[in-house]
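Below is one structure; the comments refer to it alone.
The values are calculated or read from the model by the stated rules, or taken from the named source; none is laboratory data. The model shown is predicted, which means the values in this text are computed figures rather than measured ones. Virtual Cβ from ideal backbone geometry, glycine too; neighbours counted across all protein chains shown. For the accessible areas, the whole protein counts, side chains as well, though only heavy atoms, and no ligand, DNA or RNA atoms are used. Shrake-Rupley method; radii C 1.70, N 1.55, O 1.52, S 1.80 Å.
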Amino acid sequence: GRAVSTRILLVGGGLANSLIAYRLRSTRPEIELRVLERDSTLGGNHVWSFHDEDLTAEQRRWIAPLLERSWPSHEVRFPGLSRRLGTGYHALTSERLHAVVGEALGSAVRYGAEAQELEPRGVRLADGSTVRADAVIDGRGYPGGAPLSVAYQKFVGQWLELERPHGLRHPVLMDATVEQRDGFRFLYTLPFGETLLHVEDTRYSDSPRMDAGALREEIRAYAAARGWSVRGCEREEQGVLPIVLGGDIEAFWNRGAPGVPRSGLRAALFHPTTGYSLPEAVRLADDLAGLDDLRSERLYPWIRARSLALWKRGRFFRLLNRMLFRAALPERRYAVLERFYGLPEPLIRRFYAGRPTLADRVRILTGKPPVPVLRAVRCLRDRGSLA
């Protein structure tokens with residue numbers, strides 16, 4: 001039978017750990033949980049999204065209370081292609097996550113708790129105190145200096161309140177008809193209300209450096225070009241996400257506190273090309289809640305094996321990433337995506353869900369190449385230099 005006395009410490013109240021706690025609370029209420037969050041709210045300041053087929057119907061059901069908005073379709077725009085895709089798209093926000101998960105967990109969340117040292121059975125906090133548990137799960141985001149070769153997805157997103165209705169019926173996931181700079185650039189727009197839009201300027205870039213002020217200006221210019229009169233900016237988020245090109249996943253896991261289970265970006269559990277982390281976080285929470293033994297000694301090898309398996313499956317995506325960043329000339333990167341979005345919709349859905357078939361892979365890589373062939377051939381090695 002299941003041990004009743006398990007105590008789990010979740011270090012960091014980001015998306016992955018919040019979902020683990022939320023799922024355990026509803027399916028295994030006998031487990032004693034504690035979330036240690038450095039800030040005063042769960043989930044930071046983010047919008048997370050996913051496509052219908054990224055999750056099972058049952059997963060979509062239990063995550064439903066966390067959804068801010070769902071749309072039945074979405075579209076993409078490129079210089080040579082505009083297309084509406086009939087796949088549902090869903091968005092969660094930090095506010096909603098904090099409200100729902102925070103209420104479900106109540107006093108099990110300890111805010112203002114900064115973890116300094118982690119080991120499999122306990123955590124030492126910045127105030128000198130120690131908290132003991134049967135399991136410690138480190139969900140504190142992507143570790144800097146990781147032994148993976150990465151490029152970057154950088155963005156500034158603003159919630160704009162408009163003077164008049166914008167008329168958008170569904171999200172525009174990529175509008176790459178804008179001027180290409182700093183790599184592949186597109187605008188991402190989510191209509192949250194009649195006059196409320198979330199607009200993000202995103203660059204797939206070689207460098208993590210970002211001039212947030214310049215991106216804010218770009219968002220303003222984009223809104224003006226669309227004829228949207230902006231009343232005000234309600235809030236803003238910015239981020240720099242890793243897009244993995246290659247590297248050594250074993251070395252990634254050998255760094256950090258030995259034997260301490262990890263979640264989310266810290267476990268390299270995210271889609272290698274889109275950077276989407278929510279589907280992997282939901283799957284992890286789901287599967288973890290079904291385990292009999294939730295001690296660190298069991299969880300560490302289990303999550304590590306899961307991360308390594310995802311890495312293995314991600315080989316094809318990393319190849320595409322290298323084609324995008326190393327074979328395509330920066331101002332022509334959009335052409336790689338433009339060609340991809342001209343492919344059959346079921347293939348695009350499987351790609352998003354991280355499950356392209358062999359035929360899909362061949363289809364994505366063949367045909368008139370949008371990148372120079374010789375430069376593409378140089379991209380074939382998966383464990384290249386970390387430069």
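Computed over protein heavy atoms with a 1.4 Å probe, the carbon and sulfur contribution to the accessible area of the chain reaches 51%.
Label-to-label distance for GLU53 and SER107 is 4.8 nm, based on points extended 7 Å past Cα in the beta-carbon direction. The value given for the chain is a Kirkwood hydrodynamic radius of 21.9 Å, derived from the mean inverse Cα-Cα separation.
Here the extension length gained between LEU329 and ARG181 equals 52.1 nm, from 0.36 nm per residue of separation less the Cα-Cα distance.
Note that the range 39-90 shows a convex hull volume over its alpha carbon atoms of 106 Å³ per residue.
When only Cα pairs below 8 angstrom with a gap of at least 6 residues are kept, the range 110-233 shows a relative contact order of 23 percent.
If every alpha-carbon in the range 235-387 counts as one equal scatterer, what log10 I(q)/I(0) does Debye give at q = 0.13, 0.14, 0.21 1/Å? The Cα Debye sum returns log10 ratios of -0.69, -0.79, -1.40.
Taking only protein heavy atoms and a 1.4 Å probe, what accessible area per residue, in Å², does the chain have with all protein chains in place? Before the final figure, lay out each step's value.
On the way: 16400 Å² over 387 residues.
Normalised by residue count, the accessible surface of the chain is 42 Å².
Looking only at Cα atoms, what is the convex hull volume of the range 54-189 per residue, in Å³?
Working: hull volume 30.0 nm³, N = 136.
Normalising the Cα hull of the range 54-189 by residue number yields 221 Å³.
Near VAL150, the amide H atoms lying under 5 Å from its own belong to LEU245; only residues 5 or more places off or on other chains count, and H is placed 1.01 Å from N.
Write down Rg/Rh for the range 167-234, rounded to two decimals, with Rg from the C-alpha atoms and Rh from the Kirkwood relation over Cα pairs.
Using only Cα positions, Rg/Rh for the range 167-234 is 0.96.
Within the range 14-126, all pairs of alpha-carbon atoms sorted by distance into 5 Å bins from zero give the percentages 2, 10, 18, 19, 16, 12, 9, 6, 4, 3, 1, 0. With both residues required to sit in the range 34-142, DSSP beta bridges show an antiparallel share near 90%. What does the C-alpha gyration tensor say about the overall shape of the range 304-372? Classify as rounded when a/c is under 1.5, otherwise prolate if a/b is larger than b/c, or oblate. Verdict is oblate for the range 304-372.
Viscosity 1.002 mPa s, temperature 20 °C: Stokes-Einstein D of the range 261-311 from its Kirkwood Cα radius, in µm² per second?
Working: Rh = 11.1 Å.
Diffusion coefficient, whole number: 193 µm²/s.
With both labels modelled 7 Å from their Cα along Cα-to-Cβ, the ARG38 to LEU358 distance reads 4.6 nm.
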